[in-house]
């Protein structure tokens with residue numbers, strides 16, 4: 001991040017993204033970090049909330065997430081399962097197969113990385129729940145927003 005006076009700005013716009021910025025007044029000067037930070041991307045501001053609870057273990061996450069899913073808009077199927085000590089999401093459809101490793105950031109937010117793609121793909125998976133049960137998830141990347149996957153009936 002670069003000091004832009006009243007904002008911290010990212011040079012990512014030099015790579016066809018952004019501009020990305022954080023209002024300096026929203027940052028804590030001492031003590032506890034703020035509960036949320038407004039983050040601007042290309043002039044659109046979103047509020048990002050700090051994840052305060054420790055993330056679940058991979059085994060705990062797999063207990064609620066493991067299973068089959070479908071992505072209606074993508075025409076693809078997905079499966080989440082443990083692969084050794086890693087939680088893996090496999091998406092398959094007309095355009096091929098993508099395997100990504102999920103890393104819990106909270107019970108409902110996961111970072112993911114695909115080592116098969118060149119360059120590697122990164123993203124965020126956000127879990128949807130109803131009455132405490134996982135109903136599906138959304139996948140976000142730099143180029144994909146809220147790709148929905150619904151839990152498939154077994």
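The values are calculated or read from the model by the stated rules, or taken from the named source; none is laboratory data. Note that this is a predicted model, so its numbers are computed, not measured. Here the Cβ positions follow ideal geometry from the backbone for every residue, glycine too, while neighbour counts run over all protein chains shown.
Per-residue answers, yes or no, for (1) within 17 Å of residue 140 (Cβ to Cβ); (2) in contact with a helix residue (DSSP H, G or I) (Cβ under 7 Å, 6 or more places away or on another chain):
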{"position": "20", "(1), (2)": "yes, yes"}
{"position": "32", "(1), (2)": "no, no"}
{"position": "46", "(1), (2)": "yes, no"}
{"position": "77", "(1), (2)": "no, no"}
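Being surrounded by 12 or more Cβ atoms within 10 Å (Cβ to Cβ), under 25 Å from residue 102 (Cβ atoms) and modelled with pLDDT under 80 is the requirement here; does residue 51 meet it?
Details: surrounded by 12 or more Cβ atoms within 10 Å (Cβ to Cβ): yes; under 25 Å from residue 102 (Cβ atoms): yes; modelled with pLDDT under 80: no.
Judged against the criteria, residue 51 is not a match.
Say whether the condition of being in contact (Cβ under 8 Å) with a residue 24 or more places away in the chain, buried (at least 18 other Cβ atoms within 10 Å of the Cβ) and in a helix (DSSP H, G or I) is met by at least one residue in region 105-115.
Within region 105-115 (the criterion being in contact (Cβ under 8 Å) with a residue 24 or more places away in the chain, buried (at least 18 other Cβ atoms within 10 Å of the Cβ) and in a helix (DSSP H, G or I)), the answer is no, since none of the residues qualifies.
I'm checking my understanding of the structure. Among residues of region 121-145 that are under 15 Å from the mean Cα position of the chain (by Cα) and not in a strand (DSSP E or B), which one is modelled with the highest pLDDT?
141
Which count do you get for residues in region 8-43 that are at pLDDT below 75 and part of a strand (DSSP E or B)?
Count: 3.
The conditions are (1) surrounded by 11 or more Cβ atoms within 10 Å (Cβ to Cβ); (2) at pLDDT 80 or above, and residue 46 fails exactly one of them. Which is it?
So residue 46 meets the others, but not (1).
Filter region 78-98 down to the residues that are surrounded by fewer than 16 Cβ atoms within 10 Å (Cβ to Cβ) and in a strand (DSSP E or B) and list them by number.
Filtering region 78-98 for residues surrounded by fewer than 16 Cβ atoms within 10 Å (Cβ to Cβ) gives 79, 81-86, 90, 92-97.
Within region 78-98, 79, 81, 82, 83, 86, 90, 92, 93, 96, 97 qualify.
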